[in-house]
Amino acid sequence: MIHNSFAGVDINIPEKYKDYFYQYCLTRTEGSKNDPEDSPFPRMVDMWFLALCIAAKEGLTPKFEVEGKKYKAIEGVVFGSDPWRSNALILLSLSHTDDINVVNDPNEMMRIANAYALAGLPRLITMLEERRADSSLDYLSEEIENMFSTH
Amino acid sequence: MKILKASIENFRLLKSVDIRFSTSSKKNITVIRAANESGKTTLLAALQWGLFGDEGLPNKGRDFRLSPIDMTLGGEEEKIPISVEILFQIEENNNIAKYRVRRYVEESVIDGVYERGSSTVMLTRIETTGEEPVSYPEVKIRRILPLELREIFFTDGDRALSFIEGKRGDQMRRVKEAIKSLLGLDVIQDAQKHLKLVNTSLNNRIRAGAGNTADLAKVTRDISKLEEEIPELEKKLEDVSSQLLNLEEYEKEAESNLEEALKKGNKEELVQEAERIQIKWKRANEDVKKAAREHANLFKNILFGQLFLKKKFQKAKKLLDKLYDQGQIPNQTIPVLEERLKQTTCICGELITENDKDGKKRRENIKTLIEASRKSDIIQEKISALYYSAQELLQPVDVNLWSEKYKEIFNSKQRAIQHLRELGQEQRDIETKIEKLPDVDIKNIREKKNRFKEQARKKHAEEIKLSNLISTKERELSEYIEKRQRLLHKDEKGKKINSEIEVASDLEKILNGALETMRNREIEKVSSKMNSLFLEMIGADQSQRAVITKAEITKEFQIIVYGMHGHPLDPTEDLNGASRRALTLAFILALTNVSEVEAPNVIDTPLGMMSGYVKKSVLFHAAKESSQLILLLTHSEINNCENILDDKAGRVYTMTNPAHYPNILLNDPGISDSRILFCECNYREECKICERKDDTSNTEYFYNNEIGESK
């Protein structure tokens, strides 16, 4: 079994994003609202990770300093089920710091990753909210495809 | 018989009426013009009561009050006298004889409840010297006009339809009864009954004389028994056959109702179909959700990370590759050095033993190296693990891969969504159909049909069983008769009786033959006459490719109509109202014509539902075929027939119901009680009593008082 470096590290994000996470993630929607078309992310970590990806892809400046109250949105244990993500976070940290010592500091790596995620979240939320008549899932997919095709 | 005059007192709304009927052979129609609810049917009933008594009333007079409805008396002592007096003439011994029949009854009415006493009837023959009472008046009247013929001569347009409408078995029975009564076939049947009595009496004589011949007595007894049994069985068979016909009709009707209902749509089936589609829809909905989940899972896919973080990964890869090149990946220093310490020489070949001064120094260096390596080992271990486990992430990926995966999943999802939409549309279509369907219980109709089918099957089996039984009994009878003949031939007395039996048997054969011949010949005559009359009435010109080509009465006494190419038509379904009435009137007139029975045809509303050519033609032919035609007509029936009536109507009356003021009547008749008024206005005239408002003012009145009120 591959070791999860982030097992004991929590992800804290500003409270202002809480409702969006609840709205667009299936783990927090129930009953008739439990529809992937409207809540395209299976788990909250998927939404958080996409935000991170968008920031990285779009070259957004990571947000290390964020004002306001934060809450624990995701526990690091979740990366145990997706080892490639754990590696992706480490590679991102290496890339960001250019220092291999960072791999021995999970908190720092998560701080870096979260800074990217927080930089990408506003863009991601805008995409989700601007979907108009489309479903969130379809609109988001189209936007992502556009991102890949234009860069 | 011709009716000369009728005087009616207190017969329902006919409180005091005197009518003279036309007896002229050229102008043989008497027209009684009356709007609806103006006493036409009452007059028809009054004439029948006068001639036939309660037997001539609807439901044989049960629950049929005769006295005027507005007449209520104070006590039991007071009675309302009701009478109908009819003056008629008949041909008797080549002379015209006149008779007067007067039927009288009293009714007491207390608190709206009536009680009728026994009626009396008096028949007198009018002589030049005065009136001579006739003994047994009912018998005499029945001889002049048999009760069985009542429905032929006194009818209304609707009732006459029973000869061609209703259940086939009942239709055929009515037609058969009418033909039998009017053509005198009953007389022959009576003669057959007489012969049977003769046979019975002969059998009794044989039994009485057979005394010591036990065989002969037994055979004769058996013959008598069979001769009683067989007609009873035949009668039963006739009833069963008639019931079977009716059941087959019911089944056919239910079948047709079922087809009709199914054509509109089977609600039960549609509901089941809707349920099936609902299940399919739920499955399809699950498929859509599954496809959406697969779609959403794209965001968890490694490809996603590879593409988005490509640049970051490239930079990290460079760093890792450098470490690899530097030999820091994988981290193998410590094991190599530790392994070397176990040896006596270094990799370079120098001694590293403790005994040697330089070797010891070299050995200490290696130990220091091991200690330094241990410090960076954790990081190197992690970097090494990352280097190997992240290889997949670090591989170059085609940017189109995600797009292809997305398209594949998107299309699959769209197919699922499209399927769901189609099922939704199907569901809505079915629901709309269900909503539009009348609330017809198809299950019930089907059960009804099956019930009739089962009953018909049982009845058919009963028919076959009875038929076989009759054949067996007839065979037995024939064997017994032969045996009796042989036994009778043994002595002289027997021979004498046998010859009498033979005479009776021959006579029976002759009568049977005559009945059969008459039945066939007379039916053919009536059928042929009815056909020509009917076709003329409806103006069916064969050279013009008429839709109706022929009408006939079958040997089974059914009236059938044929269309083009001899295709049989169902009179109830395939003929319009006017043609159906024309057909029944043609049958009645043909029957009276062939029978040569001279009696008045009193018909209530014969031209209802008719118009144009058919109406005029029916009136013309009815006048031509009848010896005396008394027609009870509405204003609309008379409309456009005035010219024919100018030629054929000898007398015309108008009956008016004062209760129709002010809705229909123009003038207030000034009558305080309920009664029908008579005037002698003909079909072109109106007087103060019968003058009606024109159609426009009637319409205005109806609008203002009926529709206007309801608004």
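The values are calculated or read from the model by the stated rules, or taken from the named source; none is laboratory data. Being a predicted model, the structure only gives us computed values, none of them experimental. We place every Cβ from the backbone using ideal geometry, glycine too, and count neighbours over all the protein chains shown.
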Q) So, in segment B:607-637, of the ones that are in contact with a helix residue (DSSP H, G or I) (Cβ under 7 Å, 6 or more places away or on another chain) and more than 16 Å from B:ILE538 (Cβ to Cβ), which residue ends up surrounded by the fewest Cβ atoms within 10 Å (Cβ to Cβ)? A) B:ALA623
Q | Qualifying residues in segment B:109-122 (those that are touching a Ser or Thr at 6+ places or on another chain (Cβ under 9 Å) and part of a strand (DSSP E or B)) - the one farthest from B:LEU87 (Cα to Cα) | A | B:ILE110
Q: Six or more apart or on different chains, Cβ under 7 Å: which pairs go from a residue in segment B:628-652 that's more than 18 Å from B:GLU686 (Cα to Cα) to one that's part of a helix (DSSP H, G or I)? Could you list them?
A: B:LEU629/B:ALA622; B:LEU629/B:ALA623; B:ILE644/B:LYS616; B:ILE644/B:LEU619; B:ILE644/B:PHE620; B:LYS648/B:ALA623
Q: Scan (1) in contact with a helix residue (DSSP H, G or I) (Cβ under 8 Å, 6 or more places away or on another chain); (2) of a type in the set (D, E, K, R); (3) part of a helix (DSSP H, G or I) for the single condition B:ARG143 breaks and write down its number.
A: (1)
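Taking the conditions exactly as written (away from chain A (no Cβ under 14 Å) and either at pLDDT below 85 or touching a strand residue (DSSP E or B) at 6+ places or on another chain (Cβ under 7 Å) (or both)), does B:LEU466 satisfy them or not?
No, not satisfied.
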Q. Within segment B:358-389, restricting attention to residues that are facing another protein chain (nearest Cβ under 8 Å) and in contact (Cβ under 8 Å) with a residue 60 or more places away in the chain, which residue is nearest to B:CYS346 (Cα to Cα)?
A. B:ILE383
Q. Taking A:ILE90 and the conditions (1) among the β-branched types (Val, Ile, Thr); (2) more than 9 Å from every other protein chain (Cβ to nearest Cβ); (3) touching a helix residue (DSSP H, G or I) at 6+ places or on another chain (Cβ under 8 Å); (4) in a helix (DSSP H, G or I), which numbered condition does it fall short on, given that it satisfies the others?
A. (2)
Q.
If I ask for residues that are within 11 Å of chain B (Cβ to nearest Cβ), buried (at least 22 other Cβ atoms within 10 Å of the Cβ) and in contact with a Lys or Arg (Cβ under 9 Å, 6 or more places away or on another chain), which ones from segment A:99-136 would you list?
A. A:ILE100, A:VAL103, A:TYR116, A:GLY120
Q) Looking at B:GLN314, is it out of contact with any Phe, Trp or Tyr (no Cβ under 7 Å at 6 or more places or on another chain), more than 21 Å from B:GLN427 (Cβ to Cβ) and within 14 Å of chain A (Cβ to nearest Cβ)? A) yes
Q) Which number in (1) surrounded by 19 or more Cβ atoms within 10 Å (Cβ to Cβ); (2) without any contact (Cβ under 8 Å) to a residue 12 or more places away in the chain marks the one condition that B:LEU244 misses? A) (2)
Q. In the set A:GLY68, A:GLY76, which member is at pLDDT below 90, touching a Phe, Trp or Tyr at 6+ places or on another chain (Cβ under 6 Å) and away from chain B (no Cβ under 11 Å)?
A. A:GLY76
Q: Give the number of residues within segment B:275-310 that are under 23 Å from A:ALA56 (Cβ atoms), more than 7 Å from chain A (Cβ to nearest Cβ) and of a type outside the set (A, V, I, L, M, F, W, C).
A: 3
Q: Write out, first by first residue and then by second, each pair whose Cβ atoms fall under 6 Å of each other, whose residues are 6+ apart or on separate chains, and whose first residue, in segment A:40-56, is more than 18 Å from A:VAL77 (Cα to Cα) and more than 8 Å from chain B (Cβ to nearest Cβ) while the second is modelled with pLDDT under 90 and in a loop (DSSP other than H, G, I, E, B).
A: none
Q.
So B:GLU408 ticks every box in (1) within 14 Å of chain A (Cβ to nearest Cβ); (2) of a type in the set (Asp, Glu); (3) not in a helix (DSSP H, G or I) but one. Which box is left unticked?
A. (3)
